[in-house]
Amino acid sequence: MESFWAWFRWLNDATGINLTIFYDPFDRGRFASGLLVTIELSAICIILSVAIGIVGAGLQRSRLRLTRQVVYWYIQFFRNTPPLVQLYFFYFGLGSMLATTSASGSPVPIVSNVAWAIVSLSFFAGAFNVEIFRSGIEAVPRTTVEAAESLGFSRMRTYLFIVLPLAFRISLPALNNNLVNLVKTTTLAYAIAVPEMLYVSSQIWSDELNVPEMMNVLLVCYFALVGVLVYAMSRWERAIKVPGFGV
Amino acid sequence: MSAGGSDHAIRTRTLRWNEPLPQTTDLPVLLPAASHLAHAAAIERTAGAFTLRLRPAHGVALAVLFLIGCGWAEAQVQPGQPSIVETLWKWTPVLLRGFLFNLLISAVAMAAGTIVGLFLGFAQISLLPPVRKGAWLTTHFFRNAPWLVLLFYCMFLLPFQVRIFGVTIPIPDWLKATLGLALPVMANVSEIVRGAVQSIPTTQWESAASLAFNRRQTLWMIIFPQCIKRMLPPWMNLYAILTMSTVLVSIVGVNEMMSLTRQALSAENRPGLLLAFYSYVLFWFFLYCYPIARWTVRLEARYAVND
């Protein structure tokens with residue numbers, strides 16, 4: 001392994017291609033942590049946004065008009081404003097209103113920038129997911145629900161065990177589009193100094209002055225990250241596709 | 001499209017006493033919403049962007065937000081300070097110049113991206129495997145890369161000036177940022193073109209071949225004119241999304257509307273102005289994107305292909 005890292009030092013000496021993230025342990029650690037934060041951020045936001053989608057789609061079936069209206073306006077707000085504006089709104093707008101703790105002397109906000117990024121991005125992707133799941137649920141015929149009712153399923157259990165699994169299979173292609181979009185949107189967290197891959201790379205290239213190398217590394221990393229997600233999701237999509245549906 | 005077409009209505013008919021029971025059911029397994037969703041997902045996947053659907057109610061909501069922001073700011077006005085309306089009016093020319101800059105960036109990025117994207121799209125359906133595969137890889141590489149990363153890429157890697165035959169031509173920051181936005185547009189346009197060409201029935205190609213058109217003539221005179229109708233709605237949607245994304249260039253330090261707003265706010269140094277100013281910015285974007293989004297929906301409805 002050591003000779004593998006040393007090869008990049010040789011590469012720098014021989015050609016001037018300065019990939020410090022391979023031979024310099026400090027930069028390697030920094031970049032790895034940035035990659036990890038990006039993956040974590042993506043994973044947490046994917047899980048939360050899908051959860052928001054399921055709950056929101058459930059609430060849209062609510063008997064209360066007010067609940068449906070709240071969900072409707074939530075979707076409209078997050079769907080039609082740029083995600084950067086949403087991020088600023090949460091971090092600068094709401095974040096500055098919240099209290100700070102000063103246990104260590106300097107004021108520390110109780111909700112960190114990473115948490116605001118997670119909240120903002122999850123709500124952003126969640127708004128799309130609610131609509132996606134809602135269309136999926138609309139596709140499940142009333143007769144299927146009636147059959148479940150006649151078997152004694154409660155309203156909640158019908159939704160969880162009958163409607164949702166079917167709706168999920170129908171929704172998956174649209175959901176995939178949105179999740180891929182979400183992973184790409186995590187770069188926006190750079191704007192509020194979340195130490196994800198883009199932010200860490202910008203720190204490295206300003207320290208080591210190796211902008212072209214880091215840029216290419218970054219581009220390849222994102223291509224690989226999104227490529228893996230697209231590949232895995234499309235495999236899954238094909239595996240659980242409802243036969244006869246889809247384009 | 002799918003087996004359970006979108007016009008699958010539930011038909012019920014009473015059976016006669018001696019009629020055999022039907023082997024298949026007329027009741028749909030899934031309702032039309034399933035194929036609508038599948039269709040929308042396919043369109044979204046081709047366009048590489050979600051479909052923007054703006055309604056008049058959004059404008060009303062924004063106006064209400066703006067009024068609340070103004071009221072809030074007005075309530076915090078100290079004696080001796082100008083009112084919120086005066087302050088907004090004072091900054092409007094500056095902000096609008098920034099907004100025009102956003103529009104310029106979006107127009108140049110869209111034009112450049114479309115021209116290159118058209119070529120890339122046709123390269124994707126080339127008969128030469130290396131060209132086809134190269135174009136496929138280029139398209140997917142730029143589609144999978146986040147917009148912000150591409151923006152950084154162009155900002156930092158393009159020189160600030162080029163020398164051609166002893167003449168030094170400076171490349172301003174905004175042009176580099178525009179190029180950064182043009183790259184993802186190019187990839188998305190390429191995919192829109194490929195999708196549109198492939199959506200034309202093969203019979204069109206066959207009849208063109210039987211009339212002795214060669215491949216170039218077929219593409220240019222028969223297939224492409226039919227594609228334009230299918231390409232226009234996703235292309236316009238992409239433009240609306242690009243316009244919204246131009247605020248990203250504020251992150252890399254180009255003085256467009258968003259960064260000018262931030263500067264105006266710090267110059268005024270009154271925290272109460274925050275909501276009023278940002279909703280004002282949003283309102284201008286809405287004013288510009290709304291007609292485009294509405295027109296896209298109308299075109300989509302008009303060009304909807306019944307096949």
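Read-outs throughout are calculated quantities, based only on the coordinates presented, and are distinct from any laboratory measurement. Predicted, not measured: the structure shown is a model, and the values here were computed from it. All Cβ positions, even for glycine, are placed from backbone atoms using ideal geometry, and neighbour counts span all protein chains on display.
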Within chain B, helix-based [θ] at 222 nm, where runs of 4 or more DSSP H residues each add -39,500 (n - 2.57), nearest 500 = -23000 deg cm²/dmol
Just name one of B:G98, B:V149, B:V85: the one whose Cα is farthest towards the positive end of the charge dipole of region B:85-174 (beta-carbon charges, Lys/Arg +1, Asp/Glu -1).
-> B:V149
Between the modelled labels at B:L299 and A:L11 (7 Å from Cα along Cα→Cβ) the distance in nm is 4.5
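Grab the eigenvalues of the alpha-carbon gyration tensor for the protein assembly as shown, scale each by 5, take roots, and send me the semi-axes largest first in whole angstrom.
41, 33, 27
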Return the sequence-ordered ³J(HN,Hα) values of region B:151-166 in whole Hz as given by the Karplus equation 6.51 cos²θ - 1.76 cosθ + 1.60 applied to θ = phi - 60°, using x for Gly and Pro.
-> 5, 4, 4, 6, 4, 8, 9, 7, x, 7, 8, 10, 10, 10, 6, x
Electrostatic dipole magnitude of the protein assembly as shown [Cβ: Lys, Arg +1; Asp, Glu -1; Cα centre; debye, to 20] = 1500
Full-extension gain in nm, A:S150 to A:V55, via 0.36 nm per residue minus C-alpha separation = 31.8 nm
When averaged across all projection directions, what area in nm² does the alpha-carbon convex hull of region B:37-107 cover?
-> 7.5
Could you give the semi-axes, largest first, of the ellipsoid that matches region B:106-303, computed as the square roots of 5 times the alpha carbon gyration tensor eigenvalues and rounded to whole Å?
-> 38, 23, 12
So what is the calculated 222 nm ellipticity per residue for chain A, using -39500 (n - 2.57) for each DSSP H run with n of 4 or more, over all residues, to the nearest 500 deg cm²/dmol?
-> -23500 deg cm²/dmol
Debye, to nearest 20: dipole size of region A:45-198, +1 on Lys, Arg Cβ, -1 on Asp, Glu Cβ | 400
Student exercise, chain B dipole from Lys, Arg, Asp, Glu Cβ charges, in Debye to nearest 20 | 500
When the Cα atoms of region B:69-220 are enclosed in a convex hull and the volume is divided per residue, what value in Å³ results?
-> 222
Pairs of Cα atoms farther than 20 Å apart, region B:64-157, % = 63
Where does helix A:65-80 land angle-wise versus the long Cα axis of chain A, in degrees 0 to 90, nearest 10?
-> 30
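Where a ≥ b ≥ c are the square roots of the eigenvalues of the C-alpha gyration tensor, would you call chain A rounded, which needs a/c under 1.5, or, failing that, prolate if a/b is larger than b/c, or oblate? Kindly include the intermediate steps, with their values, before the conclusion.
Values: a/c = 3.08, a/b = 1.69, b/c = 1.83.
It is oblate, given that a/c is not under 1.5 and a/b is not larger than b/c.
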List the pair-distance distribution P(r) of region A:139-181, using every Cα-Cα distance, as the percent of pairs falling in each 10 Å bin from 0 up to the bin containing the longest distance, rounded to whole percents.
-> 29, 43, 20, 9, 0
Degrees separating the helix B:224-245 axis from the principal Cα axis of chain B, which is the longest one = 30
If each Cα of region A:89-128 is one equal point scatterer, what is log10 of I(q)/I(0) from the Debye formula at q = 0.15, 0.27, 0.34 Å⁻¹?
-> -0.40, -0.89, -1.09
Charge-dipole axis of chain B as Lys and Arg at +1 and Asp and Glu at -1 on Cβ define it, positive-most pick from B:A34, B:V249, B:Q76 = B:A34
Specify, per residue and in Å³, the volume enclosed by the convex hull of the alpha carbon atoms belonging to region A:18-110.
-> 177
Quick one: compute a quarter of the convex hull surface over the Cα atoms of region B:161-206 and quote it in nm².
-> 5.4
Using alpha-carbon coordinates, inclination of helix A:113-138 to the longest axis of chain A, degrees = 30
Contact order relative to length of chain B, as percent, for alpha carbon pairs under 8 angstrom and 6 or more apart | 27
Using only the alpha carbons, work out the radius of gyration and Dmax of region A:106-247 in angstrom.
-> 20.8, 69
Over all alpha-carbon pairs of region B:223-304, lay out the pair-distance distribution in 10 Å bins, whole %, shortest bin first.
-> 16, 35, 25, 16, 7, 2
Spin-label zone in region B:253-283 - amide nitrogen under 13 Å from a point set 7 Å from the Cα of B:Q78 along the C-beta vector | B:268-272
Over all alpha-carbon pairs in region B:195-267, figure out the percentage whose distance exceeds 20 Å.
-> 55
What do you get when you divide the Cα radius of gyration of region A:109-171 by 2.2 N^0.38 Å, with N the number of residues?
-> 1.55
Whole-Å distance, taken between Cα centres, linking region A:81-137 and region B:165-227 | 39
GNM, chain B, Cα, under 10 Å: largest mean-square fluctuation among B:A47, B:A57, B:A107?
-> B:A57
